[in-house]
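Written below as structure tokens is the structure these notes are about.
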Amino acid sequence: DMESVQKLVMEKASYKDERTIQSVLSEEHYKKLSDEFAASGMMTIDMVKQFKPWYVMINLASLRIMKLGMDPKLGIDVHFLDKAKENKEIIELETADFQLKLFSGLDDEVQLNLLKEAIDDPDETVEMMDKIVVAWQSGDAEAIDKLIVEKVKKVPELKPFYEKMFTERNIRMTEKIAEFLTNQDGKTYFVVVGSGHYAGDEGILKLLKKKGYKAKQL
């Protein structure tokens with residue numbers, strides 16, 4: 001439930017010492033970040049001051065997604081989750097606790113690099129998101145993978161984040177899906193994950209094929 005998730009967020013995403021997002025960022029980066037939050041009309045920097053860079057970055061990304069006219073609450077995953085609540089059993093591929101531990105486990109330097117990169121190039125972030133949406137709409141998994149890989153090549157400091165965000169999670173989710181496929185319960189499982197997890201050589205589709213399953217994009 002949302003109350004439990006909010007407690008987890010406060011536990012994993014907030015600083016427990018005297019640090020704030022202002023104290024870990026340079027004056028220039030902090031001003032840019034503060035100005036962008038203020039300009040959004042939806043959030044202020046004071047609302048994220050106590051949080052670690054990775055969580056501030058997620059909030060910044062959400063603002064930019066909404067700037068494109070998108071609503072994170074209207075994602076395909078949310079749509080199917082709401083539908084499933086009507087009369088289907090819901091099984092988590094990942095728990096909220098696992099996802100939060102994943103982000104909070106990133107080195108401080110990696111977190112800062114992620115946030116600074118996002119602050120420095122807001123237009124690129126929006127442009128990349130726009131391209132990913134177009135690729136998703138046309139079912140072009142290769143284009144999605146290319147966009148993500150090119151970003152990592154351009155900014156090598158993002159590699160540890162990429163490995164945790166995609167590679168490690170894809171392996172875990174593939175194992176879980178393989179469990180569903182080997183179940184002898186006669187059930188059909190409908191799996192919903194973000195488009196970035198299907199793409200590339202380390203994507204779920206390729207990993208399932210390596211396990212000997214037939215996986216085909218429709």
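Given the criterion within 15 Å of Lys116 (Cα to Cα), aromatic (Phe, Trp, Tyr), surrounded by 14 or more Cβ atoms within 10 Å (Cβ to Cβ) and at pLDDT 80 or above, identify the matching residue among Phe37, Phe80. Write out each step before concluding.
Numbers: Phe80 fails: within 15 Å of Lys116 (Cα to Cα).
Matching residue, one of Phe37, Phe80: Phe37.
Given the conditions (1) exposed (fewer than 15 other Cβ atoms within 10 Å of the Cβ); (2) more than 21 Å from Ser62 (Cα to Cα); (3) acidic (Asp, Glu), report the number of the one that Asp97 does not fulfil.
(2)
Name the single residue, out of those in the range 160-218 being within 22 Å of Leu102 (Cα to Cα) and aromatic (Phe, Trp, Tyr), that is surrounded by the fewest Cβ atoms within 10 Å (Cβ to Cβ).
Looking at residues that are within 22 Å of Leu102 (Cα to Cα) and aromatic (Phe, Trp, Tyr), I get Tyr162.
Any idea which of Ile65, Ile21 is surrounded by 14 or more Cβ atoms within 10 Å (Cβ to Cβ) and modelled with pLDDT under 85? Steps first, answer last, please.
On the way: Ile21 fails: modelled with pLDDT under 85.
From the options Ile65, Ile21, the qualifying one is Ile65.
Among helices (runs of 4 or more DSSP H) lying entirely in the range 110-218, which contain 1 or more residues that are in contact (Cβ under 8 Å) with a residue 40 or more places away in the chain, closer than 18 Å to Ala61 by Cα and out of contact with any His (no Cβ under 6 Å at 6 or more places or on another chain)?
122-137, 141-154, 159-162
The values are calculated or read from the model by the stated rules, or taken from the named source; none is laboratory data. As the structure is a prediction and not an experimental result, all values here were calculated from the model. All Cβ positions, glycine included, derive from the backbone under ideal geometry; neighbour counts span all protein chains shown.
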